[in-house]
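Structure first, commentary second.
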Amino acid sequence: MTITLSPAELSALTGYEQPCKQLDTLRRRGFYRAYIARKGGVVLERSHYDAVTRGQDAIERPAKSVNVSFMRRSA
């Protein structure tokens, strides 16, 4: 096994061949450590892939608060 996913694995995982589309798909799926290398290919560490797929290395996003101040009655 290699330290990073191979181009074939990235293509199978994302369904895309183009690095920018691969990166966009990976980021939407929670692989926030994926990036495009200087040579133009996407780099995704296998350890990060394994952790995210196990649910152990996901970004904790704060819940969005909703502004409902306009609903208050003024006295």
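Provide the net charge surrounding R46, with neighbours chosen by a C-beta distance below 14 Å and charges set as Lys +1, Arg +1, Asp -1, Glu -1.
-2
Hey, can you grab everything whose amide H is under 5 Å from the amide H of Y35? Only 5+ residues off in sequence or another chain; H modelled, so Pro and N-termini drop out.
Placed amide hydrogens put V43 under 5 Å from Y35.
So, for region 1-45, what is the accessible surface per residue at a probe of 1.4 Å, expressed in square angstrom?
70
Once the Cα gyration tensor of region 1-45 is diagonalised, what are the square roots of 5 times its eigenvalues, in whole Å and ordered largest first, as equivalent ellipsoid semi-axes?
Each semi-axis is √(5λ); the values are 13, 11, 11 Å.
The values are calculated or read from the model by the stated rules, or taken from the named source; none is laboratory data. Predicted model, so just to flag it, every value in this text is computed and none were measured. For neighbour counting, all protein chains shown are included, and Cβ atoms are generated from backbone atoms with ideal geometry for every residue, glycine included. Remember, those area values only see protein heavy atoms, side chains included, never the ligands or the DNA or RNA. Shrake-Rupley method; radii C 1.70, N 1.55, O 1.52, S 1.80 Å.
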